[in-house]
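Heads up: the structure comes next, in C-alpha cells.
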2 protein chains.
Amino acid sequence: MGKKEQNKPQRVKPQLLKGFRDYPPDQQAAREKMIARIQQAVELMGFQPLQTASVEAADVLLGSHYSSDSLAELFGFKGPDDADMALRYEFTLSLARYVASQPDLPLPFRRYQYGNVWRVDKPGPGRFREFMQFDIDIVGTRNMLADAEIIAAMVGTMEHLGIERFKVRYSSRKILNGLIEWAGIPPQRGPDVMRVLDKLQRIGLDNVLAELSGGRSDDSGDRIEGLYLEDNWVLRVKEFMIQNVVGTGRSLVGSHDYLQSSPSCREGFDEILQIESHLSHMGVTSDHAEVDLTIVRGLGYYTGTVFETTLLDLPEFGSMFSGGRYDNLVERFQSQSVPGVGSSLGVDRLLAALIELKKISLPRCTSKVLVTVMDRDRLPDYLAILKELRAAGIASEIFSGDTKNLTRQIRYADKLGVPLAIIAGTNEFDAGLIRIKNLAAGASKAEGTSDREDWLKAEGFQEDIPRGQLVSRIRQLLSLE
Amino acid sequence: MGKKEQNKPQRVKPQLLKGFRDYPPDQQAAREKMIARIQQAVELMGFQPLQTASVEAADVLLGSHYSSDSLAELFGFKGPDDADMALRYEFTLSLARYVASQPDLPLPFRRYQYGNVWRVDKPGPGRFREFMQFDIDIVGTRNMLADAEIIAAMVGTMEHLGIERFKVRYSSRKILNGLIEWAGIPPQRGPDVMRVLDKLQRIGLDNVLAELSGGRSDDSGDRIEGLYLEDNWVLRVKEFMIQNVVGTGRSLVGSHDYLQSSPSCREGFDEILQIESHLSHMGVTSDHAEVDLTIVRGLGYYTGTVFETTLLDLPEFGSMFSGGRYDNLVERFQSQSVPGVGSSLGVDRLLAALIELKKISLPRCTSKVLVTVMDRDRLPDYLAILKELRAAGIASEIFSGDTKNLTRQIRYADKLGVPLAIIAGTNEFDAGLIRIKNLAAGASKAEGTSDREDWLKAEGFQEDIPRGQLVSRIRQLLSLE
C-alpha cells in the first residue's frame with residue numbers, strides 16, 4: 001500500500017446494525033398519524049400518557065438475582081458509575097417501578113405509554129431488535145371492570161383505526177391451570193405444557209398433541225422433541241380441546257364440565273363471565289370480543305385474564321394487541337401487592353397490516369408547493385411568494401439547492417412528490433403573472449408511460465394567473481387533488 | 001440470618017438510574033403538546049419527519065479509528081454478534097449515514113427528527129443522561145438559502161410556541177477563523193482559543209481575556225489555567241471584541257476593518273450578508289435574528305454558519321435551539337461530499353422555559369368525568385352512562401378500583417383532577433335523575449382552606465338533572481370550566 005493510500009481517510013460503511021431500521025419520511029408520517037389516532041382512542045377512555053426512562057437498572061428488568069448471562073440476553077451493559085443497566089424490552093416492569101416509587105399516586109392508575117423497546121432476538125423478516133410498542137394498563141385494582149376496560153380500549157382502538165374485521169379473544173390463566181390439574185398432569189410439568197399449548201393457533205391441534213407426546217418433525221424435516229406425557233393425560237387435553245373452546249360464556253359452560261371442576265377453574269371462569277357481562281353493557285359485541293379458552297400468552301407474570309387480538313383478514317400477521325392481568329408484578333419492588341392488567345400493541349406490525357388492508361396510505365411529502373428559483377436576481381420576489389404561502393398555512397419550500405437549472409428543480413419536486421411548482425421569470429413578473437405547474441396532474445397523466453421526463457419540461461399542466469390570485473388558486477388546485 | 005429471612009424474596013429498589021427520569025402524565029402531555037406545535041411550525045416549511053435507529057454501530061458515531069475509551073464516553077457496549085455499538089448522542093451523524101445510504105434521495109433533503117439522545121455527561125440540575133432533541137436540517141446544498149431557511153424555521157418555531165422575546169444570533173465560523181489569523185495567533189492554537197471564546201456569553205469579556213493570557217480564578221476560588229498567548233495577540237482579540245459585534249451586517253462592516261482582511265473572513269461575512277438579505281425578504285426582522293460575530297458553537301464539525309437562540313427573559317437557560325453548517329460530515333461515509341446545515345432544539349429545556357414563562361400549563365388529567373359505582377347491582381346503568389359519554393366524545397372513566405366507598409371514589413377523582421363526577425343510586429335511577437358533582441368548582445372554592453375533605457363529602461357543588469340531559473349538561477359544565 002502506497003503512502004498516498006494510507007493517508008486517505010478510511011470510510012465508514014453507512015450501515016444500520018443488524019435488526020435496526022430507519023423510518024423514511026412517508027413511513028414515519030404514517031406511523032405518527034396512526035399513533036395519534038390510538039392516543040385519541042385511549043384518551044377518550046381516560047388513559048393518561050406516561051414516559052419512563054429507556055435504560056433501566058439491570059435488577060429492575062431482571063430481578064435481584066440476575067446473572068451476567070441473563071443481562072446479555074437484553075441489550076445490557078456496564079454503564080457509567082460501573083452500574084449494570086439495559087435497554088428496556090417492555091414497559092410493564094418500568095410501570096411497576098414507577099408505581100412502587102410513587103406512594104401518592106391515585107389508584108387505579110390508567111396510563112398509556114408508547115415508545116421503543118429493544119430485544120436481542122434473532123432478526124428476520126418483520127422481526128427487529130428495536131421496535132415500537134403502545135401499551136395501556138390499569139394498575140391498582142383486582143376489579144374485573146378494569147379487565148373489561150382494557151378489552152374495551154383494545155376494541156375501541158381497532159375501531160378508531162378503521163378496522164372492522166378483528167377479534168379480541170380472551171380467557172383466564174386460571175382456566176388452563178385448571179386443565180393441567182383436571183388432566184392429571186403433575187403441576188411441575190405445567191409451564192412446559194403451557195409453552196406447547198401456546199402454539200395452538202400457529203401449528204394446529206394435531207401438532208400440539210404430538211408435541212405433548214412423542215414429538216414431531218416440522219416442515220423443514222427438523223425433529224421437535226416431545227414432552228412424553230402419559231397417554232391418558234394427552235387424551236384429557238384433547239378431550240378439552242375438541243369441545244367448543246371459542247364463544248360466549250353460556251355456550252362454553254355447557255360443553256365443559258371441567259370449568260366447574262376445580263377452584264382455579266371456577267374462579268377463572270367466573271372472572272371471564274364478569275368481563276363478558278361488563279363488555280356487553282359497554283356495547284362491545286361478540287363480533288369483536290369473544291372468550292377463547294385456549295389462550296395462553298407467553299409472559300410468565302400473567303396471573304389471570306389473558307387476551308390477544310387477531311385481524312380476521314390477516315391472521316398470518318399474528319396477534320396485534322395482547323396482554324393480561326399481572327397481580328404480583330409490583331411485588332418485585334415492595335411487599336404491598338399492586339395488582340394490574342394491561343395490553344401491548346405492536347405499532348410497526350399494525351402499521352404494516354393497515355397499509356396491507358389499505359386503511360392507511362403513505363402520505364406524499366410535506367410540501368404542497370415548491371417555489372423554483374429561475375432568476376437569482378428575483379430572489380426577493382420568490383421569497384415574498386414563499387412568505388405569502390406560508391402565512392396562508394400552505395406548506396411550502398423554496399428550491400434551496402445549488403443548481404440554477406429549472407428542469408432539475410422541477411424534477412426534484414416530481415421525485416419528492418410536491419404537487420405544485422411555481423415558476424416565474426422577469427417576463428411573468430413584469431406582466432404581473434405567476435406560472436403554476438401542476439405536477440400532481442402531470443404525474444398521474446404520465447403514469448406508466450415513458451414520457452415523464454417530457455412533460456416535466458413541456459408546457460402542459462401549467463397555467464399563468466394574476467399574481468394577486470396566487471393563494472386562492474393554489475388552495476383550489478390543492479383541494480381538487 | 002434465620003432461614004425464614006433467607007427465603008424472603010429480595011426486593012429491588014424502585015429506582016431510576018442516575019441521570020434518567022420519568023415523565024408523569026401532566027409533563028408528558030405538555031411535552032407532546034409542545035412537540036406537536038413544533039411539528040406544525042416546521043412542516044409548514046416543508047420539513048419532513050425521519051426516524052433513525054437509536055443504536056448505531058460505533059464507527060458511525062466515532063469514525064473508523066475509535067478507541068475503547070471513546071466508546072466508553074458514550075453509552076457504548078458490545079452488543080449481539082459481538083459488534084461495538086452505542087446509543088446515539090445526537091442525530092446529525094445518523095442523518096449523514098442515512099443520506100450516504102440513499103443514493104436516490106432527492107436533494108436537498110429537508111428533514112426533522114425528534115427523539116431521545118444519550119450522553120454520559122455528569123448529571124446535575126437540569127442535566128440528564130437521556131433527553132429529547134428536535135432537529136431540523138437541510139442536506140445536499142451549499143446555498144445560503146438553506147441557512148436562511150433553517151434560521152427562519154427556528155424563528156417560526158419560537159413564534160408558533162407563543163414566545164415573543166427571543167433572539168437567534170448567527171455568524172460564520174469562517175469569521176472567527178479569520179480572527180485567529182488577523183490577530184497573528186498560530187493556527188494550531190485555534191481550537192483552544194475557540195474553546196475559550198465560546199465562554200463569552202457565560203463568563204464575560206474580561207474573564208475570556210484572562211483565560212487567553214495568564215489564567216484566572218473562578219467564583220469558587222479554583223484556578224483556571226490560561227493559554228499564555230502573547231500579549232499583542234490578546235490585544236488584537238480585545239480590539240475585535242470591544243467594537244460592535246452584534247447588529248446588522250451594515251453596522252458591523254463599518255466597525256470591523258478585519259472583516260475584509262482575509263479570504264476566510266470575506267467569505268464568511270459575505271455568507272452572513274446573503275443570509276441577512278434572505279431573512280429580511282422572508283419577513284424575519286432583526287428583533288428575532290441578528291448577526292453576532294462572537295458565536296462559536298462547540299461541535300467540531302461546523303464549517304460555516306453557526307447560530308444559537310436565547311430567550312430574552314430567561315438568558316440563564318442558555319441556548320434553546322442551535323446549530324450550524326457542516327459541509328464535510330457525510331465524507332465520513334463516502335468520498336462525494338454532501339454539505340448540510342441544521343439546528344437542534346433541546347425539548348426538555350424549552351418546555352421548562354415555557355412553563356416558567358407561563359406560555360404552557362401542565363394539563364389536568366385526561367378524564368373529564370368519573371362515573372362512580374355506588375351500587376354494584378346498577379353496573380349495567382353505570383356502563384350505559386359511560387358508553388353514552390364516550391360516544392359523545394367526552395373523555396370518561398368508570399371507577400374501576402376495589403373499593404365500594406363513595407367518598408374514596410370522589411377523593412380519587414379530586415386527587416387526579418377529574419372535573420366532574422357522576423353519582424347515582426337506586427333513588428336517582430328510579431326518579432329518572434342523575435347527580436353531577438362539580439369537583440372543579442368545589443376544588444377552586446376550597447383552595448387554600450382546610451375543608452377540602454369536607455366539601456368532598458358535602459352536598460354542595462352538585463346538582464340532579466334528568467337522565468336525558470346528561471350529555472348536554474356535562475358539555476355545558478365543561479365549557480364553563
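The values are calculated or read from the model by the stated rules, or taken from the named source; none is laboratory data. Since the model is a prediction, treat every value here as computed from it, not as a measurement. Neighbour counts run over all protein chains shown; Cβ positions are idealised from the backbone, glycine included.
For the stretch A:241-259, the set of residues classified as of a type outside the set (Asp, Glu), farther than 15 Å from A:ARG173 by Cα and part of a helix (DSSP H, G or I) consists of A:MET241, A:GLY249, A:ARG250, A:SER251, A:LEU252, A:VAL253, A:GLY254, A:SER255, listed by residue number. A:THR285 - would you say it is assigned by TED's automatic domain parsing to the domain that holds A:VAL155 and either crowded, with 17+ Cβ neighbours inside 10 Å or outside any loop (DSSP other than H, G, I, E, B) (or both)? No. A residue that is of a type in the set (Phe, Trp, Tyr) and not in a strand (DSSP E or B) occurs somewhere in the stretch B:79-95.
Note on the stretch A:351-393: among residues that are within 14 Å of another protein chain (Cβ to nearest Cβ), among the basic types (Lys, Arg) and in contact (Cβ under 8 Å) with a residue 40 or more places away in the chain, the one that is farthest from B:SER277 (Cα to Cα) is A:ARG364.
Scanning the stretch B:299-315 for residues that are of a type outside the set (S, T, N, Q) and either in contact with a strand residue (DSSP E or B) (Cβ under 9 Å, 6 or more places away or on another chain) or farther than 24 Å from B:TYR89 by Cα (or both) gives B:LEU299, B:TYR301, B:TYR302, B:GLY304, B:VAL306, B:PHE307, B:GLU308, B:LEU311, B:LEU312, B:ASP313, B:LEU314, B:PRO315. In the stretch B:159-181, the residues that are without any contact (Cβ under 8 Å) to a residue 40 or more places away in the chain reach residues that are crowded, with 22+ Cβ neighbours inside 10 Å with C-beta atoms within less than 7 angstrom, at least six apart or across chains, in these pairs: B:ILE180/B:VAL193. Applying the criterion of being of a type in the set (Val, Ile, Thr) and within 15 Å of A:GLN113 (Cβ to Cβ) to the residues of the stretch A:12-54, the residue that is nearest to the other protein chains (Cβ to nearest Cβ) is A:THR52. I'm trying to understand the selection: among the residues of the stretch B:342-362, which are part of a helix (DSSP H, G or I) and surrounded by 15 or more Cβ atoms within 10 Å (Cβ to Cβ)? B:VAL347, B:ASP348, B:ARG349, B:LEU350, B:LEU351, B:ALA352, B:ALA353, B:LEU354, B:ILE355, listed by residue number.
Given the criteria at pLDDT 95 or above, surrounded by fewer than 22 Cβ atoms within 10 Å (Cβ to Cβ) and acidic (Asp, Glu), does B:ASP454 qualify? So B:ASP454 does not fit the description; no. Among residues of the stretch B:407-434 that are in the same structural domain as B:ARG473 (by TED's automatic domain parsing), those with a Cβ under 6 angstrom from a residue that is of a type in the set (Ser, Thr, Tyr), sequence gap 6+ or separate chain, pair up as B:GLN409/B:THR372; B:VAL418/B:SER367; B:ALA421/B:THR372; B:ILE423/B:THR372. A Cβ distance below 8 Å, combined with a sequence gap of six or more or placement on separate chains, defines the contacts here; from the stretch B:86-101, residues that are within 12 Å of B:VAL55 (Cβ to Cβ) reach residues that are basic (Lys, Arg) and not in a helix (DSSP H, G or I) in the pairs B:TYR89/B:ARG119; B:SER94/B:ARG88.
Inside the stretch B:97-173, counting only strands (runs of 3 or more DSSP E) that do not spill past its ends, which hold 1 or more residues that are at the interface with chain A (Cβ under 9 Å from one of its Cβ atoms), basic (Lys, Arg) and on the phi < 0 side of the Ramachandran plot? Where strands (runs of 3 or more DSSP E) fall fully within the stretch B:97-173 and carry at least 1 residues being at the interface with chain A (Cβ under 9 Å from one of its Cβ atoms), basic (Lys, Arg) and on the phi < 0 side of the Ramachandran plot, they are B:109-118. Look at A:LEU212 and say whether it is in contact (Cβ under 8 Å) with a residue 24 or more places away in the chain, surrounded by fewer than 21 Cβ atoms within 10 Å (Cβ to Cβ) and hydrophobic (A, V, I, L, M, F, W, C). Answer is no for this residue.
One residue stands out in the stretch B:388-405 among those that are within 38 Å of the chain's Cα centre (by Cα) and in a helix (DSSP H, G or I): the one that is surrounded by the fewest Cβ atoms within 10 Å (Cβ to Cβ), namely B:ALA391.
Cβ-Cβ contacts under 7 Å between residues 6 or more apart (or on different chains), taken from a first residue in the stretch B:276-296 that is free of Cβ contacts under 8 Å to residues at least 60 places away in the same chain to a second residue that is surrounded by fewer than 22 Cβ atoms within 10 Å (Cβ to Cβ), are listed as B:GLU276/B:THR248; B:GLU276/B:GLY249; B:HIS281/A:LEU379; B:HIS281/A:PRO380; B:HIS281/A:ALA384; B:GLY283/A:LYS387; B:SER286/B:THR248. Every listed requirement among (1) at pLDDT below 95; (2) facing chain B (nearest Cβ under 7 Å); (3) in a loop (DSSP other than H, G, I, E, B); (4) buried (at least 18 other Cβ atoms within 10 Å of the Cβ) is met by A:SER64 save one, (4).
Here's the yes/no breakdown for (1) buried (at least 21 other Cβ atoms within 10 Å of the Cβ); (2) polar (S, T, N, Q):
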site: B:ARG88; (1), (2): yes, no
site: B:SER94; (1), (2): yes, yes
site: B:VAL99; (1), (2): yes, no
site: B:PRO108; (1), (2): yes, no
site: B:TYR112; (1), (2): yes, no
site: B:GLU130; (1), (2): no, no
site: B:PHE134; (1), (2): yes, no
site: B:VAL155; (1), (2): yes, no
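Of the residues making up the stretch B:67-83, those that are closer than 19 Å to A:ALA72 by Cβ, within 10 Å of chain A (Cβ to nearest Cβ) and buried (at least 16 other Cβ atoms within 10 Å of the Cβ) are B:PHE75, B:GLY76, B:PHE77, B:GLY79, B:PRO80.
Go through the stretch B:406-417 and report how many residues are within 39 Å of the chain's Cα centre (by Cα) and more than 8 Å from chain A (Cβ to nearest Cβ). So the answer is 7.
Here's the yes/no breakdown for (1) over 30 Å from A:PRO123 (Cβ atoms); (2) in the same structural domain as B:LEU351 (by TED's automatic domain parsing); (3) of a type outside the set (Gly, Ala, Ser); (4) out of contact with any Phe, Trp or Tyr (no Cβ under 9 Å at 6 or more places or on another chain):
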residue: B:ALA53; (1), (2), (3), (4): no, no, no, no
residue: B:ASP59; (1), (2), (3), (4): no, no, yes, no
residue: B:GLY79; (1), (2), (3), (4): no, no, no, no
residue: B:THR92; (1), (2), (3), (4): no, no, yes, no
residue: B:ASP104; (1), (2), (3), (4): no, no, yes, yes
residue: B:ARG110; (1), (2), (3), (4): yes, no, yes, no
residue: B:VAL139; (1), (2), (3), (4): no, no, yes, no
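Selection of the stretch B:224-240 for residues being surrounded by 16 or more Cβ atoms within 10 Å (Cβ to Cβ) and assigned to a loop (DSSP other than H, G, I, E, B) yields B:GLY226, B:LEU227, B:LEU229.
Does B:ASP381 count as assigned to a helix (DSSP H, G or I), crowded, with 17+ Cβ neighbours inside 10 Å, among the charged types (D, E, K, R) and at pLDDT 95 or above?
On the way: assigned to a helix (DSSP H, G or I): yes; crowded, with 17+ Cβ neighbours inside 10 Å: yes; among the charged types (D, E, K, R): yes; at pLDDT 95 or above: yes.
Answer is yes for this residue.
Look at B:ASP327 and say whether it is touching a residue at least 12 places away in the same chain (Cβ under 8 Å), within 30 Å of A:LEU279 (Cα to Cα) and either outside the structural domain of B:ILE410 (by TED's automatic domain parsing) or surrounded by fewer than 24 Cβ atoms within 10 Å (Cβ to Cβ) (or both). In short, no. Of all residues in the stretch B:162-186, those satisfying the criterion of being in contact with an Asp or Glu (Cβ under 8 Å, 6 or more places away or on another chain) and buried (at least 23 other Cβ atoms within 10 Å of the Cβ) are B:VAL168, B:TYR170, B:SER171, B:SER172, B:LYS174.
For the stretch A:390-442, how many residues meet the condition of being touching a Gly at 6+ places or on another chain (Cβ under 6 Å) and either aromatic (Phe, Trp, Tyr) or farther than 29 Å from B:VAL341 by Cβ (or both)? Summing the residues that are touching a Gly at 6+ places or on another chain (Cβ under 6 Å) and either aromatic (Phe, Trp, Tyr) or farther than 29 Å from B:VAL341 by Cβ (or both) in the stretch A:390-442 gives 0.
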